[in-house]
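The values are calculated or read from the model by the stated rules, or taken from the named source; none is laboratory data. Every value quoted in this text rests on a predicted model; they were computed, and no experiment measured them. A quick note on method: Cβ atoms are made from the backbone with ideal geometry, for glycine too, and the neighbour counts reach across all protein chains shown. With ligands, DNA and RNA removed, areas are computed over all heavy atoms of the protein, side chains included. Shrake-Rupley method; radii C 1.70, N 1.55, O 1.52, S 1.80 Å.
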Amino acid sequence: MSGLLSRRRAALLLAVLPAVRAGAAGVASVTIDNFTFTPAVLTVAPGTRVVWINRDDIPHTVVSDARPPAFRSHALDTDDTFEVVFDRPGRWGYFCALHAHMQGTILVR
Amino acid sequence: MNDGRRQLLSCMAWVGTGLLWTVSGGVPRTLGLLGTAAAMPAPGLTFAQISDSHIGFARDPNTDTPGTLKAALDLVVAQHPAMMLHTGDVSHLSRPEQFDIAEQLIGATGIETHYIPGEHDWLEDDGRPFVARFQKGTKQGAPDGGFYSFDREGVHFVGLNNVADLKPGGMGALGARQLAWLKTDLAGHGDSTPLVVFAHIPLWVVYKEWGWGTDDSAQALALLRRFGSVTVLNGHIHQILQKVEGNVAFHTARSTAFPQPAPGTAPGPGPLKVEPGRLREVLGVASLTFTRGQSHLAVVDTPLGA
Ligand SMILES: [Cu+2]
C-alpha cells in the first residue's frame, strides 16, 4: 500500500516538472530502501533533475561529500523526497549524515 | 589465558529479558532472574539507563512512543534510582515538539537526568537545540560539543558525543577535539576511580555493515584501559548486548520505542516488526548499581511488560 502511494507521488512529480523548471533535461530517481541508495551509482545527462525518495520507515539524509557540501537535504521522513538538478558534468559523491555507511554517486556526463 | 576464557572474552553474550548479571574480576557471572532473592540490588549508587525513545516515530510496530516512554519511566520511578542517564535518540527528527514531549515526560519524574545525543537529536543547527535544552548546566568539553563529565559519589561519569560530523562511509565518530578533551579530563583521575562512560553509538564494533560502531573508539578505549573499573553504556542498536574486555564492561540498552534486528539477521537495521501484544516484551530500561569497595557493577535489564 505504501509502495503504491510512493509511485503515485513520483508520478505526480513527473507531471509537474515542466512547470517547475523549464529546460530540465529529464528526471531520474534514487530510492532509499533498507538503508541503501538504489542505484548506488546513477549516470545522468547534464540538466537532469535527480529525485531521492525515502521508502524506509527511518529518516535519512542526502548530503554531498564535498567540503563544503554541494547539496544537503534535511532529514527525509518516510516517503519524503529531495531533488537536485545537476547542470555540470562531474562525479558527485554523497552519503546519509545519519547513517554514514550509506553512500551513493551521481555521474553527470 | 586458557581457551575457555578467551572465548568468553571475545564473544558477545546475547542476553534475554530480565537477567541480572554482575562483573567480578572481568568475568561476567549470572546471578539469577529478576524476582529472585539474588536479584535484589545491593546498597550503593543506583542509577537507571533509558535510551532511544524516538519521540515522533509513530509507525509499525509502535504508534505511541510517548506512551512507551511513560511506561519505561514508571518502571524507573518504582526503582528509586539516584539519577538517570538517557543515551540518545530522545527524538525521532530533532523537532521542537518532539523535544517538548520528552522533556515534559522525563521532567515529570523529578529524577536528575543526564543526556547525550543520538544522531536523530543532531539533525538541526549542528545539535545546538539539543545541547541548549538537554545539556544546560553541564560543563561542555568544547562549546556546543555535546560532551561533558561529572562526578557522583566517587564515580566519574563521562558523556561522549559520537553522532556529530560523521564522515562518508564511516560509523560513529568522536573526533580529535573530543579525544583531546577526554585525555585531559581523565588525567585528573586516579586508576582506582570507577568510570562510567556513556555514548549513543556503541564504542566497539558491533556490526560494521550497519555502521554499528565508532571509527575512533580504540583511541578512547586506550585512555580508559588503566582504570580498574570501567562501564561503557550505549544505545542505538535497540537491543541488549554485553561484552567484557579486561576491566571494561560494555552494555547496550533496549529502546523505549521499538526493537531492531540482531546484527546481520535482516536486510537492514530498520524497526523490527513484532505482534502488537508483544511489543513491551522487547522494550525496556536498565538499572545499574555500583557498590563502593567492590569491583563489580550490577546491571538489571527490565522489560516494560511480559
Ligand atoms: Cu540514513
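Filter the range B:47-92 down to the residues that are within 14 Å of chain A (Cβ to nearest Cβ) and open to solvent by 10 Å² or more (accessible area, probe 1.4 Å), then identify the one that is nearest to the chain's Cα centre (by Cα).
Looking at the filtered set, the residue picked out is B:56.
For residue A:61, are the conditions met, namely being within 16 Å of the ligand (Cβ to nearest atom), of a type in the set (Ser, Thr, Tyr) and either facing chain B (nearest Cβ under 10 Å) or surrounded by fewer than 16 Cβ atoms within 10 Å (Cβ to Cβ) (or both)?
yes
For residues that are part of a strand (DSSP E or B) and facing chain B (nearest Cβ under 9 Å), scanning just the range A:65-105, find the one that is farthest from the ligand (Cβ to nearest atom).
Of everything passing the filter in the range A:65-105, A:93 is farthest from the ligand (Cβ to nearest atom).
Since residue B:181 meets every condition but one in (1) within 14 Å of chain A (Cβ to nearest Cβ); (2) in contact (Cβ under 8 Å) with a residue 12 or more places away in the chain, which condition does it not meet?
Answer for residue B:181: the failing condition is (1).
Give me the strands (runs of 3 or more DSSP E) completely within the range B:228-296, filtered to those with at least 2 residues that are hydroxyl-bearing (Ser, Thr, Tyr), ordered by residue number.
Filter on the range B:228-296 gives B:284-290.
Of everything in the range A:37-58 that's within 11 Å of chain B (Cβ to nearest Cβ) and more than 10 Å from the ligand (Cβ to nearest atom), which residue is farthest from the chain's Cα centre (by Cα)?
So, considering only residues that are within 11 Å of chain B (Cβ to nearest Cβ) and more than 10 Å from the ligand (Cβ to nearest atom), the one farthest from the chain's Cα centre (by Cα) is A:57.
Checking the condition under 12 Å from the mean Cα position of the chain (by Cα), open to solvent by less than 30 Å² (accessible area, probe 1.4 Å) and aromatic (Phe, Trp, Tyr), which residue from B:258, B:250 passes?
Among B:258, B:250, only B:250 is under 12 Å from the mean Cα position of the chain (by Cα), open to solvent by less than 30 Å² (accessible area, probe 1.4 Å) and aromatic (Phe, Trp, Tyr).
Can you tell me which residue within the range B:218-227, out of those that are open to solvent by 10 Å² or more (accessible area, probe 1.4 Å) and outside any loop (DSSP other than H, G, I, E, B), is nearest to residue B:179 (Cα to Cα)?
Among residues in the range B:218-227 that are open to solvent by 10 Å² or more (accessible area, probe 1.4 Å) and outside any loop (DSSP other than H, G, I, E, B), the one nearest to residue B:179 (Cα to Cα) is B:219.
For a quick check of your reading of the model, give me the residue pairs whose first member lies in the range B:161-176 and is at the interface with chain A (Cβ under 7 Å from one of its Cβ atoms), whose second is open to solvent by 20 Å² or more (accessible area, probe 1.4 Å) and polar (S, T, N, Q), with beta-carbon atoms closer than 7 Å and at least 6 apart or on different chains.
B:168/A:103; B:169/A:103
When the residues of the range A:26-36 are filtered to those that are assigned to a strand (DSSP E or B) and closer than 20 Å to residue B:167 by Cα, which remaining residue is farthest from the ligand (Cβ to nearest atom)?
My answer is A:36.
Which numbered condition in (1) in a loop (DSSP other than H, G, I, E, B); (2) buried (at least 19 other Cβ atoms within 10 Å of the Cβ) is the only one that residue B:193 fails?
(2)
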